[in-house]
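The structure appears below as structure tokens.
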Amino acid sequence: MIKPDRAEVLRLLSVTDKAELTQLFQRAYEVKKQFVGTKVYFRGIVELSNVCKKNCYYCGIRSGNSDVERFTLSKDEAVTSALWAYDQQYGSVVIQSGERDDAQFVDFIEDIVSTIREKSNHELGITLSLGEQSEETYKRWYAAGAHRYLLRIETSNRELYRKLHPADHDWEYRVNCIRTLKRIGYQSGTGVMIGLPYQTLEHLVDDIMFFYDEDIDMIGMGPFIPHEDTPLANALPEYNEAEHLDLALKMIAVCRIVLKDVNIASTTALQALKSDGREMGLLAGANIIMPNITDTKYRGNYQLYRGKPCLDENANLCRGCLEKRISSIGEEIGYAQWGDSPHYHKPDS
Ligand code: SAH
Ligand code: SF4
């Protein structure tokens, strides 16, 4: 894949005219059809725990927020959710959680991953999204059967990262984690928040260059949505949901146009801004959806941002509504398939 041209990326991200925006999305959709097709792959998300040792300024489950009731699923609950996804023919699951790196947690995850692998006849794909860990931990989880890992860099700009995190949250360390994951053999996913306080279009251009430079296989990015119990609750005085949504959709479209064969998720945060936000994401070039399969009794406590949708819908209903939504835009669901990023399989990419 040729290196994207910065000036061109900036030009595309700067489009605001409605007709030009429509054209941009159509162009991205053509590239999507050509490089990854119009099948949508599902990753059922299990929100394993909201216990987190970190304190990111934007996140509703940061350790400093004492208004959250903390929970951790039992092994049984986590495995049952994953196997539900398997029965529904979802090709894979994502296990996501606040960050912990104590020995008990590392063992717990290893056990869950190997049990899911075994009980799904080694068929269900397993992605982890459990934050920064040591190389040894990543290796153990890989050996247990996880094969993809999502670790958003949040922003590729060090200074901006510093403004959004306490001093001991280290951007360099996070980048190294992404590289380590890749070296171990995971399909590597990263992403950023879009529309962050202090973020400029130039920063977003840098983010796309970062995805290219780090040779990323999967991108999961979404709009930043303020959460009332965080230090950034009021950091965007001019916060406007429609503009935030447009900017996030533009990022998806431009990533598709310049990076071509990567998997791009249409994330739940898009749906939080508009009920059909995820369908709009698919039409702007995304090809992955991550339905929430966590038991509804825990969902209220996994509020990373304001207005997270489907809080009281059970996973079954979510599936029914998703099928309708996807067929309404003329796409098909890739049931029982891993839906790997074609980028990952390219020998020379
Ligand atoms: N603890 C892990 C995984 C769970 S958090 C980690 O941080 O990697 C998953 C993602 O939620 C984060 O990467 C971040 O991009 C997103 N997130 C957190 N707070 C958010 C907010 N206010 N608006 C939008 N996304 C948010
Ligand atoms: Fe913890 Fe992840 Fe939230 Fe940061 S973004 S506070 S690491 S759950």
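Note on the stretch 6-333: dipole from Cβ charges, positive end direction compared against ALA167, LEU83, ASN50; the farthest Cα belongs to LEU83.
Around the Cα centre of the stretch 100-160, unit charges on the Cβ atoms of Lys, Arg, Asp and Glu (plus for the first two, minus for the last two) sum to a dipole of about 240 debye.
The mean of 1/r over all distinct Cα pairs in the chain, once inverted, gives the Kirkwood hydrodynamic radius of 20.1 Å. Assuming charge only on the beta carbon of Lys and Arg (+1) and of Asp and Glu (-1), the dipole of the chain about its Cα centre is about 440 debye to the nearest 20.
With both residues required to sit in the chain, DSSP beta bridges show an antiparallel share near 5%. Other residues within the sphere of radius under 9 Å centred on the Cβ of VAL36, judged by their own Cβ, net out at +4 (K and R +1, D and E -1). Counting protein heavy atoms only, the chain has 48 percent of its accessible area on carbon and sulfur, 1.4 angstrom probe.
For the chain, the residue among PHE25, GLY320, LEU196 whose Cα projects farthest onto the positive side of the dipole built from Cβ charges is PHE25.
Candidates THR230, PRO4, VAL36 compared by Cα position along the dipole of the chain: farthest toward the positive end lies VAL36, with charges placed on Cβ. With both labels modelled 7 Å from their Cα along Cα-to-Cβ, the ILE184 to ASN234 distance reads 4.2 nm. Heavy-atom accessible area with a 1.4 Å probe sorts TRP171, TRP141, largest first, into TRP171, TRP141. Find the centroid of the Cα atoms in the stretch 201-240 and in the stretch 1-52, then give the distance between the two in whole Å. Between the Cα centre of the stretch 201-240 and that of the stretch 1-52, the gap is 14 Å. When you count the other C-beta atoms within 10 angstrom of each residue and take the mean per peptide, 53-65, 329-341 line up highest first as 53-65, 329-341. For each pair in LYS119/LYS250; LYS274/LYS297; LYS54/LYS274, compute the distance between the two Cα atoms and list the pairs where it is over 31 Å. Result: LYS119/LYS250 exceed 31 Å. Shown here for the stretch 174-210: chymotrypsin sites (Phe, Trp or Tyr not before Pro) in loop regions (DSSP other than H, G, I, E, B) with at most 14 other Cβ atoms within 10 Å, namely TYR198.
Per residue, the average separation of C-alpha pairs within less than 8 Å and at least 6 apart gives the stretch 6-333 a relative contact order of 25 percent.
The values are calculated or read from the model by the stated rules, or taken from the named source; none is laboratory data. Nothing here was measured: the structure is a model prediction, and the numbers come from that model. So basically every Cβ, Gly included, is an ideal-geometry build from the backbone, and we count neighbours across all protein chains shown. Accessible surface is based on the protein model in full, side chains and every heavy atom, while ligands, DNA and RNA are left aside. Shrake-Rupley method; radii C 1.70, N 1.55, O 1.52, S 1.80 Å.
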